[in-house]
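The values are calculated or read from the model by the stated rules, or taken from the named source; none is laboratory data. Note that the structure is predicted; figures quoted are calculated from it, not measured. Don't worry about glycine lacking a Cβ; one is built from the backbone with ideal geometry, like all the others, and counts go over all protein chains shown. The protein model used for the area step is the full one, side chains on, heavy atoms only, and it has no ligands, DNA or RNA in it. Shrake-Rupley method; radii C 1.70, N 1.55, O 1.52, S 1.80 Å.
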Amino acid sequence: QVQLVESGGGLVQAGGSLRLSCAASGSIWRINDMGWYRQAPGKQHDLVAHIIVGGSTIYADSVKGRFTISRDSAKNTVYLQMNSLKPEDTAVYYCNQIVNRGESYWGQGTQVTVSS
């Protein structure tokens, strides 16, 4: 069994920064892709950022230039550095890790609230 534990969410003023972390533990022998998604009230679950094994990244247009995804494979951890936060970034953020032979796991979600 694999578990993902997220941390780093919270309340911040517009223009501020937060760093999210997502650590995987359990029966892991290979981590493939990692990503962050978010869901705001009344909206769909959207991709925020994605990073593959080779390090290539994909970002939602709304966060390009402000958010940075990174990974520490030795620690089975993915990070999301969020700068210049806006009220519209307010959402529950979920991490996703694809491990072993393609098993997909999700974190429990962490609330990010940006006040204006």
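Just a few scattered comments:
Okay, residues lined up against (1) part of a strand (DSSP E or B); (2) in contact (Cβ under 8 Å) with a residue 60 or more places away in the chain:
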residue: Gly15; (1), (2): no, yes
residue: Leu20; (1), (2): yes, yes
residue: Asn32; (1), (2): yes, yes
residue: Arg38; (1), (2): yes, yes
residue: Pro41; (1), (2): no, no
residue: Gln44; (1), (2): no, no
residue: Leu47; (1), (2): yes, no
residue: Gly55; (1), (2): no, no
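- Residues of the range 3-28 classified as among the aliphatic types (A, V, I, L, M) and either at pLDDT below 95 or touching a Pro at 6+ places or on another chain (Cβ under 9 Å) (or both), total: 2
- The listed residues are Val78, Val92, Val53, and the only one of them that is under 12 Å from Cys22 (Cα atoms) and either at pLDDT 95 or above or open to solvent by 60 Å² or more (accessible area, probe 1.4 Å) (or both) turns out to be Val78.
Let's see how each residue does on (1) touching a residue at least 60 places away in the same chain (Cβ under 8 Å); (2) in a loop (DSSP other than H, G, I, E, B):
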| residue | (1), (2) |
| --- | --- |
| Trp29 | yes, yes |
| Gly35 | yes, no |
| Ala74 | no, no |
| Tyr94 | yes, no |
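- Residues in the range 17-32 that are surrounded by fewer than 18 Cβ atoms within 10 Å (Cβ to Cβ) and either farther than 11 Å from Leu4 by Cα or out of contact with any strand residue (DSSP E or B) (no Cβ under 8 Å at 6 or more places or on another chain) (or both): Ser17, Arg19, Ser27, Ile28, Trp29, Arg30, Asn32.
- Of the residues making up the range 1-38, those that are under 18 Å from Ile69 (Cα atoms) and among the aromatic types (Phe, Trp, Tyr) are Trp36, Tyr37.
- Criterion violated by Ala49 - all others in (1) among the hydrophobic types (A, V, I, L, M, F, W, C); (2) in contact with a helix residue (DSSP H, G or I) (Cβ under 9 Å, 6 or more places away or on another chain); (3) over 20 Å from Val99 (Cα atoms) satisfied: (3)
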